[in-house]
Amino acid sequence: MVSDIHGHPEGLLAALREKDLTDQDEAWVGGDAQLWVLGDYFDRGPDGVGVVDLLIRLAVEAEAAGGQLTALLGNHEVLTLGKHRFGAITIQTPQGERSFAASWARNDGQAADQKRLTEHHLNWLMERPGMALVDEHLLIHSDVDVYRQWGSTVQEVNDYLLQALHTSDPETLWSLWSALTKRAAFQGLDGVDAAQGMLAQFGGSHIFHGHSIIGEDEGWPASATKGPKHYAEDTVTAIDGGLFLGGPCLVVEF
Ligand SMILES: [Mn+2]
């Protein structure tokens, strides 16, 4: 699994090549391997659309080879949709008036990505699942437990997200963006309980997430990160190495 590509398709390709999942022609050579991508394809780096195009192509090639590539929803996919659909429309939030356009600009949204979005990209974005349970592994983008409010099973959460991502109501999409942008629910004194609550509700014995850059949490530069971070009494693993900050694009095996 891999996460938080943030507009750097070349970084993802280099990491996949190192694991023999793609070759020097950028083609899938992973055979029947399963690759899970934990969200955040857009913003901060220049080529979010390039990341999505790459994921769509590799998913087709992987499937043809008997493998699988599944890309989950990150908060930046919600932001990309929100900016496209609602732009500078004023949204009333518990924190006051907000707009996707302002948030998008503050989060290093890339004008070139908005310009290049096609119906095909938009439909793909709206179909992203938010969670997956793979054997005993619960996969999510953000280290938050708000997922528990969206359904009592993985399927219910993904059904809710499918609906919410198609909404014509800016406040509904904003609440999704806002919820998935929070972080650190599995850290600190209540972190283990929060992780156990997620696992009790959705199943599995271990959570994997992206979204929170390991080096930022640990107080070291992203480039100093060498591998994923296991924490919360070893029930949670963070895998975002901070690619856009010069950190590694971690490809983590179960
Ligand atoms: Mn994120």
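The values are calculated or read from the model by the stated rules, or taken from the named source; none is laboratory data. From a predicted model like this one, the values you see are computed outputs, not experimental measurements. Here the Cβ positions follow ideal geometry from the backbone for every residue, glycine too, while neighbour counts run over all protein chains shown. For the accessible areas, the whole protein counts, side chains as well, though only heavy atoms, and no ligand, DNA or RNA atoms are used. Shrake-Rupley method; radii C 1.70, N 1.55, O 1.52, S 1.80 Å.
Can you compute the helix-only [θ] at 222 nm over the chain? Use -39500 (n - 2.57) per DSSP H run of at least 4 residues, normalise by all residues, nearest 500 deg cm²/dmol. Helix contribution divided over all residues of the chain: -11500 deg cm²/dmol. Ordered by solvent-accessible area of protein heavy atoms (1.4 Å probe), largest first, the residues Leu21, Leu133 come out as Leu133, Leu21. Remark: accessible surface ordering of Lys19, Lys115, Lys83 (largest first) is Lys115, Lys19, Lys83, probe radius 1.4 Å. What FRET efficiency would be calculated for the residue pair Asp20, Ala224, taking the C-beta separation as r and a Förster radius of 25 Å, to the nearest 0.05? With a Förster radius of 25 Å, E is 0.45. Which residues does a label at Thr93 reach in region 178-212, if reach means a backbone N under 17 Å from a point 7 Å past the Cα toward the Cβ? Answer for region 178-212: 178-184. Label point of Arg148 set 7 angstrom out along Cα-Cβ; within region 167-188, amide nitrogens under 14 Å from it belong to 185-187. The distance between label points at Ser168 and Gln201 comes to 3.0 nm (points 7 Å beyond Cα on the Cα→Cβ vector). Remark on region 72-172: ratio of C-alpha radius of gyration to 2.2 N^0.38 Å is 1.13.
Computed over region 48-121, the P(r) curve from all C-alpha pair distances, binned at 5 Å from the origin, holds 3, 14, 22, 20, 14, 11, 8, 5, 3, 1 percent per bin. Report Asp169's accessible area, 1.4 Å probe, all protein chains in place, as a number in Å² to the nearest 10. Number for this one is 60 Å². If R0 is 30 Å, the Cβ-Cβ spacing of Ala101 and Ala179 corresponds to a FRET efficiency of close to 0.95.
Using a 1.4 angstrom probe on heavy atoms only, work out the carbon and sulfur share of the accessible area of region 116-254 in %. C and S atoms contribute 49 percent here. Here the chain is treated as an ellipsoid with the same Cα gyration tensor; its semi-axes, largest first and in whole Å, are 25, 23, 18.
Oblate is the label for region 133-239. Its Cα gyration tensor axes, ordered a ≥ b ≥ c, give a/c of at least 1.5 and b/c at or above a/b. Solvent-accessible surface of region 106-254, taken per residue with a 1.4 Å probe and all protein chains present: 46 Å². Got a sec? Charge dipole of region 9-245, +1 on Cβ for Lys and Arg, -1 for Asp and Glu; which of Phe208, Asn123, Ala33 is way out at the positive end? Highest projection toward the positive end goes to Asn123. What you get for region 9-245, charging only the Cβ of Lys and Arg (+1) and of Asp and Glu (-1), is a dipole of about 680 debye around the Cα centre. Among Gly242, Gly67, Met1, which residue has its Cα positioned farthest towards the positive end of the charge dipole of the chain, with +1 placed on the Cβ of Lys and Arg, -1 on the Cβ of Asp and Glu, and the dipole taken about the Cα centre? In the chain, that residue is Gly242.
With contacts taken as Cα pairs under 8 Å and at least 6 residues apart, region 9-245 reaches a relative contact order of 17 percent.
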